[in-house]
1. Points 7 angstrom from Cα along the Cβ direction at Val339 and Ser439: gap in nanometres?
2. What is the spin-label model distance, in nm, from Phe19 to Glu123 if the labels are put 7 Å beyond Cα along the C-beta direction?
3. Give, as ranges by residue number, the residues of the stretch 15-45 whose backbone N falls under 13 Å from the point 7 Å along Cα→Cβ of Gln60.
4. Can you give the charge dipole size of the stretch 148-314 about its Cα centre, rounded to the nearest 20 debye, using +1 on the beta carbon of Lys and Arg and -1 on the beta carbon of Asp and Glu?
5. What is the list of residues in the stretch 19-39 whose amide nitrogen lies under 19 Å from a point 7 angstrom out from the Cα of Leu98, following Cα to Cβ?
6. If you average the C-alpha positions of the stretch 249-293 and of the stretch 116-131 separately, how far apart do those two centres end up, in angstrom?
7. Take every Cα pair under 8 Å in the stretch 148-314 that's 6+ residues apart, average their separations, divide by the length, and report that relative contact order as a whole percent.
8. Work out how much length Asp430 to Arg164 would gain on full extension: take 0.36 nm times their residue separation and subtract the Cα-Cα distance, in nm to one decimal.
Amino acid sequence: MTSSTSLPALFDRIPPGLFGPLGGSLAPLYWELLVRFYQHEFEGEPAMLDRNSALLHAEQVLRDSVQWRERKAELLAETNEVSEASPLETALDEGSELRDAARRLVLRLERSGWIHFEYRSREGQVLNFFPYAARLVDTLLRVARDEQPVFQGYAHSIASALRRESFAHRPGVALMEAKRHTLDLTRELKILSQNIQSFIQRLFTEARTAQHVLAESIDHYKSAVLANYHRMKTVDNLYKWRDEILARVDGILCEEATLQVAARFYAEQLGADTDSAYSAVVQDLRLLRAQFETLPLLTEEIDARNARFSGVALRKLMYLLRQDRRIEGQLQFLIDQLVADGCPDLEFDIYSCELLNDGFLYTPPKRRTPPPMQPLLAKTKADEAALRKRILPRLTNPYARSRIEQYVLGLLSANAALPTTDVEVAEDADYVRMIHILSYGLDGKSPYRYSPEHPASAPKGAPIPQEQRGNYGIPRGLLSRAATKKR
């Protein structure tokens, strides 16, 4: 556990009364004034803000505030608690209450340590933020705007910093950047989880109407949580970077020369000796590994809370829409009132249950007798030879070229030539076989030939005459053995 002496001392860096203006009843005025100064200094066009312009901003803030219109005397009394201004400040428009109150607001921010005025020969007194104050206002402004981070940006930055080509160039800088982005990533994941839990609590405690539930679950939840959650599960999926980062961390831990270079940079930045800096480098690398190893636990918790929020929103909506129709709704109403300590004293009457008469149609459920156990039939061993004999003819193509050629050569064994009309055609299978016989005899690849019959008087291109055999027409011609080629 970290000792208290090693904790950074915040108020050695900032004034103790820095947060005083943001902690009283005038906090909204001071905050609006700080944001105006910050936006002019860091977010607008480059231009210097002198003291008179700063006072004009403060006057505008007061003029637009409800406190100045409704509680002017109280606001003046509170601003008068600021200690007296310097002689130069006293000379600025003391006759105007508005300007005097504005001067005191600016003076309070100056004395608290948020801003200071620097004299320049051309512009006069110019407003500046202290470095720590500018960073604080930037952070508070992002919180006020409810800016949501892009998780893929963190993971991509970490992976880019740890890649071999960039890490080898400046290992110390890359490791510090990777550590910073890793801690930012982990923090934002935990914040996302807490945001979901906060929305769940608001559904329980604040949602009183169906419209309120829909506004929380569709409008507010979508903008604050669901968009980031959806990106994290799809395009910004952190797991596609996780394995690469873990493998790279393991590789860096084995590169002694790289660790030594990073340790020298750490020693310069931290003002420590080489051994302590080397230990810090190894510790940061192990921290990266530990953070990414526990990443699944964080994402599982976020998934569970998101599912719980959806369930709570649905049940709350059903309860609000059906609370007058269902007993569950009435019970939920009583529970909510009891939890909120707003339920009045209720009197419940208890009635005895009497037996129903014989004409009642309800019949109690009967326990069914389980069916008797039956022995399993023994599986007989199949006769493989008989099965093969029965199945093989079905798998064999009866019209394959080899079978057709064998059949025709058998017909020609005792004849030099055979008319096609002498081939048996009694059914569809025979007719299909005849089609294959003639087509194989015409392509010149079989050991037999088919010569169609063309009468001398028939014109060229006339169809081959056929002999009708029942329902089948058989083209006339001769089947003969093919001539053997001489070598």
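1. Placing both labels 7 Å beyond Cα along the Cβ direction yields 7.8 nm.
2. Going by the 7 Å Cα→Cβ label model, 3.1 nm.
3. 33-41, 44-45
4. Details: 20 positive and 21 negative charges, 99 e Å.
Magnitude of the dipole: close to 480 debye.
5. From the stretch 19-39, the list is 29-30, 32-34, 36-37.
6. 42
7. Values: 148 pairs, mean separation 57.1, N = 167.
Once normalised by length, the contact order is 34 percent.
8. Values: separation 266, 0.36 × 266 = 95.76 nm, distance 7.62 nm.
That works out to 88.1 nm of additional length.
Just so you know, all these numbers are worked out from the coordinates, no wet-lab data involved. This structure is a prediction, so every number in the text was calculated from the model and none was measured. Ideal geometry is used to build each Cβ from the backbone, glycine not excepted, and the neighbour counts take in all protein chains shown.
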